[in-house]
Amino acid sequence: MSNFFRQILFLCVFLSLFPTFQSQSKTADLGLIAAGQRTNEVNPPRIRYTINDNWKFSANDGKDFAKRETADSAWESVNLPHTWNAQDAFDDEPGYRRGASWYRRSLKLAPNLKNKRIFLQFEGANQVSDVYLNEHFVGRHIGGYTAFSFEVTDFVKYDETNLIAVRVDNSFDKEIPPLTADFNMYGGIYRDVWLIATDSVHLSVTDLASPGVQITTPQVSEASATVNIKGTIVNSGENWREVEVINTLVDAEGQDALSVSSKLQVKPKTEANFAQISNPLSNPKLWSPHSPYLYQVKTVIRENGKTLDETTNSLGFRWFNFDREKGFFLNGKPLKLRGVNRHQDYAGLGNAVPDSVHIRDMELIKDGGFNFVRLAHYPQDPSVLQAADQLGLLLWEEIPIVNYITISPVFNQNSVLMLKEMIRQHRNHPSVIMWGYMNEIFLRVPKEADDVRRATVELARELDQTARLEDSTRPTTIAFHASDTYNTTGLADIPQIIGWNVYSGWYSGELDGFGQFIDDQHRRFPKRPLIISEYGANGDQRLHSDAPRRFDSTTEYQRMFHENYLAQINARPFIAGSALWNEFDFGSETRGETIPNLNQKGMFTFDRQPKDVHYFYKANLSAEPVLHIAVRDWQYRGGTDLTPQKIEVYSNLPEIELFANGASLGKKIPDSLHQATWEVSWRDGANSLTAQGFKDNLKITDAAEVDFKLITAKSEEIAVNVGSNAQFIDQSKTVWLADQPYVKGSWGFIGNASKAIYSGTADKNVLGTTDDPLFQTMQAGLTAYRFDVPRGTYEVELRFAETEFENAGQRVFDVAINGQTLLEKLDLAKETGVQRAFTRRFRVTAEDGIIIEFKAYQGKPILSAVKIRRL
């Protein structure tokens, strides 16, 4: 994508989101700031601004790319954030580019920065970054999801332009987690880059890119609270310095609430630590999802009345605990954690999203009534943490150790460092309540690999100890998949909170298997606090069924799945909370399924359009009036008759009345899951639905339309999703009906055909089409497909895909229409190869209907989809 079109896309995304609040501006003119024209001081003690614009990018790797003499005029012009995988991770070619690329940028520094210490800070670059300034190697950072800072004071120039060069490599590396995962490992400098200028005496910038200040609240109650502030001061100068450290607590109204200060002597060329604890603050305003009140802690370093450095960190007064029987408590009151998982990428942008998108995501989560977010499966952008603080969303944050580990000291060292970076960078956020360090870590470990399991347990002990040493105020956690291996190996005895990822009724088992599994865990291990860290099912807005079933990816099954799970979670008070998978569809290049390269379990699509299931949760969790007729996903539908269909309405109103085409279908009281169901008889064509109810004498309404096509043998067009229980609606709004056996006077398959294929291995990307569901299910072994249509001329379209055999000669068959062989000895593996769409259209004359016959030579004949159209 060219930089021009990328900028247009960014603008469109930004304008479409309109976030209700914005983080502090990250862009500024260097000359004006450096000259002090936007501050109250002539030369402010700390200057911090982004350098996201005017970078050059090369997808190649070169040993001389950090040198000035290397020409970059032909390189692509880009702005940050940037990834080189926004497109290739979603095409039909297997894999996406993982390797090394380079970024370069020229930088002119204002003369009055000469006495400053200069730092470069990267919020995130995936996954190994080598940074150069003016051809000098500055440093390397390993890991794609945490920030890093390098001091570059000794390498900067003020009388000429500086050259920043960064080599970023997202290649697979067995020593760096994640090794594999169900998400894309996009390469690039995909978060903001900052230039920071400080006095020679300053709060540490390079302490794992932390803010240099650690804030805790050792005592909090409704009556009083104390604040403990620790930090590191760096003296880069040649002389001893005696400084005063002043920390002031400022309330949301801008008033000073308390202040504490101390003096400190700092040796030259070294650093010194300070620790301060405040007097009690009376009647503090507490932070909670209901009232996310934030104070600010302003840290100032002064010498002889002059400010040398200054930073500000948010503070929320709250306390919490997990109870193994009663769940989660916040500020002494029970609070069920109602949450979602969230990945950071966005349609068309990959992971290189602006802060406005991150913030809007958190707003959408909050608007849905949720109070909890699991940041899966890696530390996320600072704007996400800031938004959580401001909105009142509790967070589980984790490092990306997923599926399995490498047995090596280097892998362990990298894992420990990632954990330290995450905690130090984000521990001041009141929204964070748990530190996680593994996810489904035995999922890809072979049964015989006992050495890997033992090494994993040892690494978990080290990580758990590290987390508790770095931050004793928050519990540790791991997310397990539903396997008893975590118990038998002892891994489940290490973290303080146990998270279970349970997909019973999707990847395996039945829906009620969820409750059975969790009850068994609670019975066997009653001392463990439990949280449901993942549960979910696919929802493709193009697939629909009145009889949904596991793996069909219909939004109806997705809704049924979540309705069932929420009821089971509600019935178990010992479950501290839950985080559904996932709030937003996200990129996963290895997935086939009905939308290839995408995990489609989201409540929203990849471009943040809500699915009907989103409103199910909003009706159950939001305090705002909610009334939603759940037909938006299935606005276009068809059927062979006008048999009534069930329609659900999600609402937290006390009573609802539904109207169809102006006629009342009666009033109903929503059930305990805030849903009510009516049977609606459609008329052929447009149908209007209106729902209404009252809350506090205020009338609430919702309106929707359904376009229903009555399709009979006499219809101008008949399209069938052969082998599937689901209707498929394509881009032209054509409704491909679910399959059926032949009925005289209608249509359907003839013969001893197999059931539709719904298995995780069968749902692979079908190349050469975006209508993958029409090719992923099929009838295999049918002898004929018949349509009892009137006399006339028709176009018959047949669709096939070989999803089973890779070698020619394993499936060979003839296809004849009305007695004329039109496809002779069709061998799809030979004709197109495996997993590739094959479509043929024929013009035929019907005297006594249309009969499509199949003759097998080898294997079973197949048919994936058929459409007939009268000419």
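The values are calculated or read from the model by the stated rules, or taken from the named source; none is laboratory data. Bear in mind the structure is a predicted one, so any value in this text is a computation, not a measurement. Don't worry about glycine lacking a Cβ; one is built from the backbone with ideal geometry, like all the others, and counts go over all protein chains shown. Just the protein is used for accessible areas: all its heavy atoms, side chains included, with ligands, DNA and RNA removed. Shrake-Rupley method; radii C 1.70, N 1.55, O 1.52, S 1.80 Å.
Tabulated values for the structure
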item	result
Helix-only [θ]222 nm of the chain, DSSP H runs n ≥ 4, -39500 (n - 2.57) each, per residue, nearest 500	-4500 deg cm²/dmol
All lysines inside 22 Å of LYS667 as judged from Cα atoms, apart from same-chain residues fewer than 8 positions distant	LYS618, LYS646, LYS695, LYS699
Cα centroid of segment 308-359 to Cα centroid of segment 793-834, whole Å	54
Cβ-derived FRET efficiency at R0 56 Å, PHE172 paired with THR643, nearest 0.05	0.60
Crossing angle, helix 555-570 versus the chain [Cα axis fit, 0-90 degrees, rounded to tens]	50
Per-pair calculated FRET efficiency, R0 = 25 Å: ARG549 and GLU705 via Cβ, rounded to 0.05	0.35
Extension reserve of the GLU93-LYS695 stretch, reckoned as 0.36 nm per residue once the Cα distance is removed	211.4 nm
Gain in span if fully extended, SER73 to ASP367, counting 0.36 nm per residue against the direct Cα distance	101.2 nm
Estimated FRET transfer efficiency (LYS63, ASN570; beta-carbon r; R0 60 Å; 0.05)	0.50
C-alpha center-to-center spacing [segment 642-715, segment 558-603] in angstrom	26
Acute angle (nearest 10 degrees) that the helix 3-17 long axis makes with the longest principal axis of the chain, alpha-carbon atoms	90
The chain, accessible surface, carbon-and-sulfur percent (1.4 angstrom probe)	48
Principal axis dimensions, largest first and in whole angstrom, of segment 123-177 by Cα	43, 17, 14
Whole-Hz couplings from phi, Karplus 6.51/-1.76/1.60, listed for segment 587-592; x for Gly and Pro	x, 8, 4, 6, 7, x
Alpha carbon centroid spacing (whole Å) that separates segment 432-462 from segment 78-130	31
GLN820 versus ARG461: modelled label distance in nm, points set 7 Å from Cα along the beta carbon direction	7.8
Separation in nanometres of the label points that stand 7 Å from Cα toward Cβ, at LYS527 and ASN279	4.4
Peptides 713-725, 830-842, 190-202 ordered by average Cβ neighbours within 10 Å, highest first	190-202, 713-725, 830-842
Using θ = phi - 60° and Karplus 6.51 cos²θ - 1.76 cosθ + 1.60, couplings along segment 145-150 (whole Hz; Gly, Pro as x)	10, 10, 7, 8, 10, 10
Sequence-separation-based contact order of the chain, relative, with Cα cut under 8 Å and 6+ spacing, percent	8
Segment 470-563: trypsin sites (Lys or Arg not before Pro) falling in loop per DSSP and having at most 11 other Cβ within 10 Å	LYS527
Kirkwood estimate for segment 434-540, i.e. one over the average of 1/r between Cα atoms, Å	14.7
Rounded to the nearest 20 debye, dipole of the chain from Cβ charges on Lys, Arg, Asp, Glu	620
Whichever lysines have a C-alpha closer than 23 Å to that of LYS744, once near sequence neighbours (fewer than 8 apart) are set aside	LYS709, LYS714, LYS755, LYS855, LYS867
Accessible surface, the chain, averaged per residue in Å² (probe 1.4 Å)	39
Folded to 0 to 90 degrees: helix 450-470 orientation relative to the chain principal axis, Cα	40
Within straight-line cross-link reach of LYS527, lysines at Cα separation under 26 Å, skipping those fewer than 8 residues along the same chain	LYS326, LYS333, LYS336
Placed amide H near LEU767: partners under 5 Å, 5+ positions off or other chain	ARG836, ALA837
Once the Cα gyration tensor of the chain is diagonalised, semi-axes √(5λ) in Å	54, 32, 26
Residue among SER622, ASN439, THR701 farthest towards the positive dipole end of the chain, charges placed on Cβ	SER622
Under the Debye formula (equal points on every Cα, no solvent term), log10 I(q)/I(0) of segment 100-148 at q = 0.28 Å⁻¹	-1.22
Zone residues, segment 490-517, relative to ARG468, backbone N less than 18 Å from point 7 Å out along Cα-to-Cβ	490-499
Table column - 3J(HN,Hα) (Hz), segment 196-208, Karplus curve with 6.51, -1.76, 1.60, x for Gly and Pro	10, 10, 10, 5, 5, 9, 7, 5, 4, 9, 9, 7, 6
Total lysine pairs whose alpha carbons fall under 20 Å of each other in segment 203-305 (8 or more apart, or interchain)	5
